[in-house]
1. Using only the alpha-carbon atoms, how far is helix A:117-128 inclined from the longest principal axis of chain A? Give it as 0 to 90 degrees, nearest 10.
2. Quote the accessible area belonging to B:I73 in square angstrom, nearest 10, computed with a 1.4 Å probe and with ligands, DNA and RNA left uncounted.
3. With a bin width of 5 angstrom, please list the P(r) values of the stretch A:111-168 as percents of all Cα-Cα pairs, from the 0 bin to the one holding the largest distance.
4. Pairs of alpha-carbon atoms within less than 8 angstrom and 6+ residues apart define the contacts here; what relative contact order does chain A have, in percent?
5. Which value results when the Cα radius of gyration for the stretch B:205-331 is divided by 2.2 N^0.38 Å?
6. Looking only at chain B, where both bridge partners belong to it, what percent of the DSSP beta bridges are antiparallel (to the nearest 5)?
7. Which value, in debye to the nearest 20, describes the size of the charge dipole of chain B about its Cα centre when Lys and Arg Cβ atoms bear +1, Asp and Glu Cβ atoms bear -1, and nothing else is charged?
8. Please report the antiparallel percentage of the DSSP beta bridges confined to the protein assembly as shown, to the nearest 5.
Amino acid sequence: MNLAPNEDRAVLLDVQDLRVVIDGPAGLVSASDGVSFQVRRGEIVGLVGESGCGKTVTALATIGLLPPSGRIAGGRVLLGGLDLTRMREDELREIRGSRVGYVPQDATAALNPVVRVGEQITEVLRAHTSLDRSAARARAIDLLRAVGVPAPARRLDGYPHQLSGGLRQRVAIAIALACDPELVIADEPTTALDVTTQAQVTELLARLAAERSLAVLFISHDLSLVASFTDRVIVMYAGQVVEEGPTPRMTSAPRHPYARALLHATPRLERKLPRLATIEGRPPDLVSPPPGCRFEPRCDRATPRCRTDDPQALRPAVACWHPFDGVSA
Amino acid sequence: MSASPLLEARGIAKRYRVGRAVLTAVDGVDLTIGRGEAVAVVGESGSGKSTLARILVGLEAPSQGEVRFDGRIVDPTSRGSRLSLGARVGVVFQDPYGSLNPRLSVARAIEEPLIVHRWGDASARRRRVAELLEAVGLDPDLGARRPRGLSGGQRQRVAIARALALDPELLVLDEPVSALDVSVQAQILNLLADLRRARTLAYLFISHDLAVVRQVAERIAVMYLGRIVEIASADELYGAAAHPYTLALLSSAAEVEGARASRIPLQGDPPSPIERPGGCPFHPRCFRARERCGREDPVVATDGSHRVACWYPGPVEPEEVRRLGPGGRDV
């Protein structure tokens with residue numbers, strides 16, 4: 001394996017053994033259960049998994065935005081050495097405005113419906129920078145143009161409901177980038193966007209990473225999208241990280257059976273596959289997860305050991321007792 | 001067996017009045033679907049693909065043009081035409097949550113089209129529902145459940161079983177997998193492939209996703225601003241696309257195996273179906289546009305079954321790649 005140049009860069013986000021529980025109707029759900037990973041400056045990391053795997057909860061917990069039903073039950077989240085899990089709400093808010101930008105899945109929820117689009121962007125700029133009104137407005141126009149909003153100056157005076165879903169999403173991305181943050185956490189930010197716009201947004205993130213050392217944690221269910229612009233991929237399953245690695249390897253020869261199944265279930269633009277891989281069954285109940293490997297009931301390679309011994313003990317290596325050898329399948 | 005194609009649409013246009021303006025959702029579309037043929041219509045939001053699908057299956061009347069199913073004109077205003085079409089065309093929508101009545105059991109949801117079309121007696125219908133559940137890979141015991149108790153993938157299977165109830169010749173699938181997780185999406189795409197192996201079933205598959213479409217379609221139409229700008233067999237389209245918009249779309253789509261080589265950026269702003277540009281509707285965003293493109297509607301160039309509505313069709317030339325530079329020029 002060749003070392004990516006990113007290995008030399010300083011760690012910006014260091015998530016250590018993060019545990020998040022959500023109070024659900026059936027009891028306490030371990031939505032994020034001992035999750036550890038790092039994001040370096042200028043690095044783009046894809047956090048990939050299917051619904052319910054805990055990727056969104058992990059991201060929300062990282063920046064102190066858990067819903068009232070959820071709480072951090074253990075672990076640390078270090079941003080440039082500062083532990084975010086120990087901060088007060090007002091301190092977190094300052095960090096979210098200036099150092100970390102967050103793009104939620106649903107932009108409609110992120111925007112205030114009764115405030116003009118321009119004000120929502122300039123408000124952030126004026127709270128966290130020294131820009132005056134007209135400079136903030138000019139910067140807002142630049143931001144909107146950068147994320148592909150047509151006729152940006154005209155959009156500033158409109159309200160969110162006057163924009164299409166795709167445009168609202170781009171406004172949310174512009175707000176997250178407004179104060180030139182060190183880290184952007186984006187939760188499926190481009191799912192609602194057209195393919196051509198999606199490519200434009202991911203290229204913008206890649207350019208900011210290269211030019212300004214912006215670090216990006218990009219949460220997605222779409223392995224092909226993640227493959228197109230990230231440096232590293234982390235795969236989550238049932239509240240845990242099962243494998244992580246450099247993007248080229250994770251999208252050609254992942255070693256964990258779940259990561260591999262996910263890859264072979266993904267349709268290809270390059271060629272028609274004779275048959276897509278499927279994964280039978282459903283993820284386990286996270287109120288009382290099984291003691292061994294959480295993927296064991298759905299895994300072809302499982303042995304009795306997988307039912308009793310938790311392969312999370314193997315992390316940061318691949319969390320599997322019988323991993324594939326890493327050769328392209 | 002009649003010689004006419006299964007579905008034939010000629011000169012379809014659909015315009016809506018929006019205040020004082022006119023929104024043109026579909027603008028002169030010709031499309032034929034053969035018996036047992038899987039055709040996909042691909043486009044981005046606002047391309048008119050869903051409106052076209054609704055017109056083709058008689059859910060909406062076109063402002064212009066006509067649709068023939070098995071040689072007979074489809075007339076959405078006639079109850080007889082709607083009923084006979086309803087028996088021969090099944091429809092599956094994107095949202096597996098919204099398309100099923102939450103108060104009906106799964107079995108009852110699948111049985112409903114049978115009841116509407118007075119198909120068999122109660123016991124024959126029960127047998128048919130069990131058959132259909134099996135055909136879509138669901139446990140017959142699931143029939144007693146309500147949609148609420150099902151996963152997204154199971155719901156979409158129920159929607160497909162229901163669409164298949166009357167043994168239709170055409171299944172119209174409007175973004176049927178875009179709300180599903182990857183592993184579940186794979187199950188549904190495999191199921192759609194299996195269903196066509198077992199019977200003569202044509203598909204009209206509406207999607208924005210060129211990778212998904214590759215798994216199911218034999219022929220692909222690319223729509224832009226209400227028009228089919230290119231239509232070709234799947235191999236032709238993925239291997240030798242010739243319309244600049246198709247080339248841009250293919251170059252923007254993410255590939256699992258390695259990063260995009262060079263994305264062809266679209267110029268300017270996304271189009272508005274209300275203020276349609278003159279000449280070729282794509283010309284304001286086209287990397288190849290010349291003076292003529294803004295003036296004259298392109299004539300359709302035909303090469304066998306490959307049709308392209310462009311004055312300057314063809315693959316991306318090395319000179320064009322150099323001129324456009326690495327993707328992202330428009331950001």
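1. Orientation of helix A:117-128: about 80 degrees from the principal axis.
2. Solvent-accessible area, nearest 10 Å²: 90 Å².
3. The percentages, shortest bin first, are 4, 22, 32, 25, 14, 4, 0.
4. Values: 618 pairs, mean separation 64.8, N = 329.
Result for chain A is 20 percent.
5. Against the compact-globule rule of thumb, the ratio is 1.03.
6. Numbers: 29 of 47 bridges.
About 60 percent, rounded to the nearest 5.
7. On the way: 44 positive and 40 negative charges, 207 e Å.
Charge dipole of chain B: 1000 debye, to the nearest 20.
8. Numbers: 56 of 92 bridges.
Antiparallel bridges: around 60 percent, rounded to the nearest 5.
The values are calculated or read from the model by the stated rules, or taken from the named source; none is laboratory data. It should be emphasised that the depicted structure is a prediction, and the values quoted were computed from it without experimental measurement. Using ideal geometry, Cβ is built from the backbone for each residue, glycine included, and neighbour counts are taken over all protein chains shown. What goes into the accessible areas is simple: the full protein's heavy atoms, side chains included, and nothing from ligands, DNA or RNA. Shrake-Rupley method; radii C 1.70, N 1.55, O 1.52, S 1.80 Å.
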